[in-house]
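The values are calculated or read from the model by the stated rules, or taken from the named source; none is laboratory data. Given the structure is predicted, the values throughout are model-derived calculations rather than measurements. Counting neighbours? That spans all protein chains shown, and the Cβs are built from the backbone with ideal geometry, glycine included.
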């Protein structure tokens, strides 16, 4: 039933004076009792019936309670083959939905950057065809699909921009106060007014509607779990609209227009009232116009929509009122980056769900925790967050591609790439059971803390109120007291029943008003009613001073406050609490589910005696297996139950009370425990997991799984092994000697890089949140590197370090003329063969030609000597426009506005090929002969379009709608059609409207003379674009081009080598490393020199497999690790790690190793995968046998006597193996899988993490 909002203005009658307080939103509007139920096919919606038997669903959860990973469709071209293979890896892991995500660059757009390009392009017909297939494949697994709106918002060229173009009336306005004290609205370009009555409907139709049109009838079935990520309207603060004043008067009964200055300054006692009334109407209109229509769209289709917005509840006035606006999500939520456990985020989201009957609480976990994230870390963060209130897990990291390890987005990928992924199956079952169990029934806690919005709205001690509210919650929770945040409307809806506040199935005994100097009058009324009924009302920090009834200095407010708080503010919240619902250590969540009481406890030690305000039969429910077992109690009375906790602080403890009689604890008699320490060597065998068929780990792709490799080894220069030895990385070697003066000292610092991968540890610009498979040809870093924040795009900048000299020799095969190819930062001086040279042409003699480069300025650049000047890759761009092209704009203005440019031209015939290059500050939409060609919003990128098909013989016309958002304005374009060239200049016509009178355009500047060309970030770069039909608009995206992960010099045969050892007749280097156990041999690919090899002091045999690929073998494999020694007569310029073009691949069979961190072995440092540890042990006859693994990094699968004993992914690392053990000899096998941190030891990510790996021990057999 649709509510007539204007006709239902409700009035709160004051207790004594009869003054009426008008409310913007009637309580029925948001009352969850009035929310229509989802359709019958909906999944993941909980049952809150008092008759629910939750046990069957716990044992076998229904659909909709599995994880919803964020699936990043980037990094490589999308193919069905690869998607199908990845779905196979996810099979059986309880996935409820795959949420497709796209990331953004740090260039263009109006916020963080435009959506990264992909293939097929997002929303192209080929993309939709792939999504159709993908939905069908996902449904076979019982999973749905969705698309996050992340990166698709304002100024990104997608649906929001289309909405604004089609409905400019929805653009937002904000009030401003001028210097004369006058308040007036200003329109904010590229923004949405959430108060517009159609904003939400249009938004839903534009974004979600396109999926429904493509997949009719799939809402809540094949389509589900959409997610709104970091929503923004492009405008915030004191919003306004043409309808606001009229709506305000209807709802509040007075004209706000003359009192608008109160929003900016104190105009007297009425100020708080005006501000509270204004905020109330703003939020109500935003709910009605935007938030609720989007919610309703999903609710009608049985879909769960989640969110993770800006302040995640910590900014209480985000969107006007975070609580009120975010109640319009089926899954209010937040992120928890880096295995975070932010209590406030969790409690705000969970409290919204509790008080508004929302089905789920969405946890976005755990971006940015790094490639070293262990299974135990994921388990711990998940369990802690679930007990705090989350119940839907969206793992942030599931990547379509990692492209040789060089594509990431706030890693890790938590799914199939992790070596321990298959070991997580039991945990995925655990997550499903917890997601089901912790969403059923109703939450129970004693304390409600008022969400402190009003003080912020009124400008009366808002920050203090927020700090007090959040601080009180954190202090209570740390002492085992659970709580909810409560909004003022839920409090107004609450019924006082005895000494309790009851609302939405929740029951509270304590109401906390945290330093609420300003409150809604309804809050005071309900608080006073509760107080008079014997309820506990506490006011820490400060007492209410104003309300929306009359503002400040209201005697009625003062009287109500005196009655409730005669002794002033509450000094000790914890000390004023009634009898505890739970009295014990750890974190707690209590739920009433049917006739049962569930207490979920975490971080509480085994054996701790706790009190529960519940009675009946007590059981421990195991979410890992779905089994239950009875628990004995220490005592039970009508007040509650005391019992000892059965599990450790590392385990979640589900204590369930059901109707029935408790089992009384008996004195426990434990036999003495005996131990067998399983020390000494263990059998050791590699079990690789890193499948490289698609090039995820090494580029290019290879068919095998990645085994042990040596990527870093010890190096000694010269034909002696006496040292000094230093550690080097394969492919990286010295190419210059760097010094601050000439001549360089003999011990001048070596400057090293890889002709393949550039500067070690410094990948250059990569964009936000890690590597984006960008390779840069600039291998010289001049100055002191300054590393920025890990998530920021410009990862490294360089600060002055004075004049720097780089000395080397250029090796020429004969006398020849060569060319210097230089980056944007050029050397101040160059010396060749002892003489200063100018220009880029070098005369070289056969052999070594000493070269010295002088740089006076910091930065990143390259200097290459090539036999072919034309082969310069010119990575920084070039003149993409001819000298005939000018930046143009409307004469004499730089206004924030759109302007229409047009130019007619004639063609004798349509050429075989024609292209258009164009860019604009700040954006454009271009058409040719009435056909939309493309759009752009990055002046720093010049889009190039193939336009042959839209040209015609005879008259043609090009039209550009150009946009300026303020500041400098300019459009530049050039059409090349065979011999015909059309460039922007003063002959173009421009108008202020699409059909307005035109004038001649003004030539602002030539391309190379312009401010844009001279910008510090460099001139605009050419960017081939692809066109996507999106509705009636043409959307352009940069063409996706997978990276070769190598500098262009790597395969450029014209580049001459540098040599820092040119004075040596026959350069030699020695190398060594310690092998893994079971070493049988190694493969060297493209070693740069003559190689001799020894293992454990014995020469290794070799066989050539193919050109420059050599296998080296030992006569007999070594059980234990051995030292491998290599002598290489090095090719010129190929010293240190540069003698190896690739990593050294090791062949290992079964061996032996001592327990501990396998990454300390040089041959295993970069190994990410599995290892089998095996040992035979004699066990005496025993009543109980426990295998204690000590410590593990990261997961362990155990077999005893050939039979599965269990999988452990988190502590305690113990297994009861009594049914499998036998008196006498027993075979213990443990498969340990580590993390991907080890693989990333030589990948320049900032998200590597700890490389500790293996069965760390001590391992014991404990028996009684």
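Might you check whether a residue that is surrounded by fewer than 19 Cβ atoms within 10 Å (Cβ to Cβ) and in a strand (DSSP E or B) occurs anywhere in the stretch 641-650? Yes - at least one qualifying residue is present in the stretch 641-650. Restricting the first member to the stretch 1108-1126 and to residues that are on the phi > 0 side of the Ramachandran plot, and the second to residues that are in a loop (DSSP other than H, G, I, E, B) and surrounded by fewer than 22 Cβ atoms within 10 Å (Cβ to Cβ), the beta-carbon pairs closer than 6 Å and six or more apart or on different chains are 1108/1086. On inspection, residue 1215 qualifies as farther than 30 Å from residue 730 by Cβ and either touching a residue at least 40 places away in the same chain (Cβ under 8 Å) or part of a strand (DSSP E or B) (or both).
Quick grid of which residues meet (1) without any contact (Cβ under 8 Å) to a residue 40 or more places away in the chain; (2) assigned to a loop (DSSP other than H, G, I, E, B):
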residue: 831; (1), (2): yes, no
residue: 849; (1), (2): no, no
residue: 864; (1), (2): no, no
residue: 881; (1), (2): no, yes
residue: 887; (1), (2): no, no
residue: 895; (1), (2): no, yes
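Taking the listed residues 63, 56, 69, 121, the one that is buried (at least 20 other Cβ atoms within 10 Å of the Cβ) and farther than 30 Å from residue 922 by Cα is 69, with no other qualifying.
State whether the residues of the stretch 252-270 include one that is outside the structural domain of residue 553 (by TED's automatic domain parsing), touching a helix residue (DSSP H, G or I) at 6+ places or on another chain (Cβ under 8 Å), surrounded by fewer than 24 Cβ atoms within 10 Å (Cβ to Cβ) and under 20 Å from residue 350 (Cα atoms). Taking every residue of the stretch 252-270 in turn, none turns out to be outside the structural domain of residue 553 (by TED's automatic domain parsing), touching a helix residue (DSSP H, G or I) at 6+ places or on another chain (Cβ under 8 Å), surrounded by fewer than 24 Cβ atoms within 10 Å (Cβ to Cβ) and under 20 Å from residue 350 (Cα atoms).
Counting only strands (runs of 3 or more DSSP E) that fall entirely inside the stretch 571-637 and contain at least 3 residues that are touching a strand residue (DSSP E or B) at 6+ places or on another chain (Cβ under 8 Å) and surrounded by fewer than 17 Cβ atoms within 10 Å (Cβ to Cβ), the qualifying elements are 628-630.
Cβ-Cβ contacts under 8 Å between residues 6 or more apart (or on different chains), taken from a first residue in the stretch 174-195 that is over 26 Å from residue 962 (Cα atoms) and assigned by TED's automatic domain parsing to the domain that holds residue 206 to a second residue that is at pLDDT 95 or above and exposed (fewer than 11 other Cβ atoms within 10 Å of the Cβ), are listed as 177/265. Are any of the residues in the stretch 208-222 more than 30 Å from residue 141 (Cβ to Cβ) and in contact with a helix residue (DSSP H, G or I) (Cβ under 7 Å, 6 or more places away or on another chain)? Taking every residue of the stretch 208-222 in turn, none turns out to be more than 30 Å from residue 141 (Cβ to Cβ) and in contact with a helix residue (DSSP H, G or I) (Cβ under 7 Å, 6 or more places away or on another chain).
Of the residues screened, residue 163 is one that is farther than 17 Å from residue 306 by Cα, touching a helix residue (DSSP H, G or I) at 6+ places or on another chain (Cβ under 9 Å), crowded, with 17+ Cβ neighbours inside 10 Å and assigned by TED's automatic domain parsing to the domain that holds residue 288. Residues that are touching a helix residue (DSSP H, G or I) at 6+ places or on another chain (Cβ under 8 Å) and surrounded by 21 or more Cβ atoms within 10 Å (Cβ to Cβ) within the stretch 1099-1142 comprise 1128, 1130, listed in sequence order. If the condition is being over 20 Å from residue 34 (Cβ atoms) and touching a strand residue (DSSP E or B) at 6+ places or on another chain (Cβ under 7 Å), then the stretch 347-361 contributes 347, 348, 349, 361.
Determine whether the stretch 234-241 contains at least one residue that is modelled with pLDDT under 95, crowded, with 20+ Cβ neighbours inside 10 Å and in the same structural domain as residue 158 (by TED's automatic domain parsing). Yes. Which of the following residues is touching a residue at least 60 places away in the same chain (Cβ under 8 Å), closer than 21 Å to residue 227 by Cα and in a helix (DSSP H, G or I): 439, 435? Exactly one of 439, 435 is touching a residue at least 60 places away in the same chain (Cβ under 8 Å), closer than 21 Å to residue 227 by Cα and in a helix (DSSP H, G or I), namely 435. Any residue in the stretch 718-728 that is assigned to a loop (DSSP other than H, G, I, E, B), within 29 Å of residue 368 (Cα to Cα) and touching a helix residue (DSSP H, G or I) at 6+ places or on another chain (Cβ under 6 Å)? No, there is no match, as no residue in the stretch 718-728 is assigned to a loop (DSSP other than H, G, I, E, B), within 29 Å of residue 368 (Cα to Cα) and touching a helix residue (DSSP H, G or I) at 6+ places or on another chain (Cβ under 6 Å).
Within the stretch 651-710, the set of residues being more than 37 Å from the chain's Cα centre (by Cα), buried (at least 16 other Cβ atoms within 10 Å of the Cβ) and farther than 26 Å from residue 1215 by Cβ comprises 657, 658, 662.
Only residues that are out of contact with any helix residue (DSSP H, G or I) (no Cβ under 7 Å at 6 or more places or on another chain), within 26 Å of residue 246 (Cβ to Cβ) and not in a strand (DSSP E or B) were counted in the stretch 174-189, giving 5.
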